[in-house]
Amino acid sequence: MKDLSLTQKYLLCVLNNKGKIPTFGIEKVMCVAASSVIELLLDDIVQLENKKLSVKRDLPAEKKYLRPVFDFIEKKQPVKFEKVLEDYSITFTDKNSNALIGCIGESLVDTGCVRKEKGGLFGGKDVYIPDEKAVDIVIQNIRAEILEEGEVSEDIVALTVLLNKSGDLTKYFSAYEKKGLKNRLKEIKEHPVSDEIARVINYVDTMLMMVVVAAT
C-alpha cells in the first residue's frame, strides 16, 4: 500500500462498510473539507493570512484529489475558512461534497485501499468500500505514534484530532485507549515538540472551531 496523505487517511477511516459517509454525518463531511484545507496548508500549497486562505503555488499532480477545494480557494481568494466548509457541507445540494469525496475516493482506488462499486438508494452512485487491512494500517500508525512515547508526525496529530471530532475514534479504540489518546494530544498541544507540530495544532483548532460554528 502506498503512503496515504492526511485527507486520504481520514476518508478511509470514516467510510462505512457500504462505502459511504453515513446520511447524518455532517461533521464527517465538514472534516473531510477541513482535512483537505489542512493538507494544502501543511504542504505550502495555500497560505493563511488574516484568517483567510489564498493560493501560494500550483497544485501538484499527485494532489489532484484536492482539486475541488484548491479550485474553490483559487477562485474565491482570499477566502475565509468557514466559507470553504460551508460550500462543501452546509448547502442546499451535496454536489460539491460529492465531487470532493469522489476525487479522494478515486485516489484511494488507485492505491488499492478501497473497492469502487455502485450503491446508494437507487444503486446509481459510486461508493468506495474500504479495505479492512488498509484501515488497520492507518489505525496502527495512530496507535504507534500517539499512544507510545516518541516522535509524532503532523498528519497523525491532525488525523487523530479530526477523527475524535467526528466521533470516529470510538470505532477503533477502547475507552481506555481513547482516554490515553486524549491525554497524549493534550500533552502534545501544551508542549509541541516542533514549530511544525505547533502549526498543525493551530490549523486544526481553527478549522474545528469553524466546524462547530457552521454546525450550530
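For Lys20, all conditions in the list (1) out of contact with any helix residue (DSSP H, G or I) (no Cβ under 8 Å at 6 or more places or on another chain); (2) surrounded by fewer than 15 Cβ atoms within 10 Å (Cβ to Cβ); (3) modelled with pLDDT under 90 hold save one; what is the number of the exception?
(2)
Only one residue in Gly102, Gly112 is free of Cβ contacts under 8 Å to residues at least 60 places away in the same chain and open to solvent by less than 60 Å² (accessible area, probe 1.4 Å). Which one?
None of the others qualify; the one that does is Gly102.
Can we say Ile142 is on the phi < 0 side of the Ramachandran plot, among the hydrophobic types (A, V, I, L, M, F, W, C) and open to solvent by less than 60 Å² (accessible area, probe 1.4 Å)?
Spelling it out, Ile142 is indeed on the phi < 0 side of the Ramachandran plot, among the hydrophobic types (A, V, I, L, M, F, W, C) and open to solvent by less than 60 Å² (accessible area, probe 1.4 Å).
Could you list all residues from region 37-88 that are closer than 22 Å to Asn202 by Cβ and among the hydroxyl-bearing types (Ser, Thr, Tyr)?
Ser54, Tyr88
Test of understanding: among Ser174, Ser153, which residue is among the hydroxyl-bearing types (Ser, Thr, Tyr), free of Cβ contacts under 8 Å to residues at least 60 places away in the same chain and under 16 Å from Ser5 (Cβ atoms)?
Going through Ser174, Ser153 in turn, just one is among the hydroxyl-bearing types (Ser, Thr, Tyr), free of Cβ contacts under 8 Å to residues at least 60 places away in the same chain and under 16 Å from Ser5 (Cβ atoms): Ser153.
Within region 46-67, how many residues turn out to be open to solvent by less than 70 Å² (accessible area, probe 1.4 Å), closer than 19 Å to Asp3 by Cα and not charged (D, E, K, R)?
Number satisfying all stated conditions: 4.
Scanning region 35-45 for residues that are of a type in the set (A, V, I, L, M) and more than 18 Å from Tyr88 (Cα to Cα), which turns out least open to solvent (accessible area, probe 1.4 Å)?
Among those residues, the one meeting the criterion is Ile45.
For region 21-28, check the following and say yes or no: at least one residue is hydroxyl-bearing (Ser, Thr, Tyr), farther than 22 Å from Gly112 by Cα and part of a loop (DSSP other than H, G, I, E, B).
Yes, region 21-28 contains at least one residue that is hydroxyl-bearing (Ser, Thr, Tyr), farther than 22 Å from Gly112 by Cα and part of a loop (DSSP other than H, G, I, E, B).
Restricted to region 29-51, and to residues that are of a type in the set (S, T, N, Q) and assigned to a helix (DSSP H, G or I), which residue is nearest to Gly102 (Cα to Cα)?
It comes out as Ser36.
The values are calculated or read from the model by the stated rules, or taken from the named source; none is laboratory data. No experiment lies behind these values; they were computed from the predicted model shown. No Cβ is skipped: glycine too gets one built from the backbone with ideal geometry, and neighbour counts run over all protein chains shown. Calculation scope for accessible area: heavy atoms of the full protein, side chains included, ligands and nucleic acids excluded. Shrake-Rupley method; radii C 1.70, N 1.55, O 1.52, S 1.80 Å.
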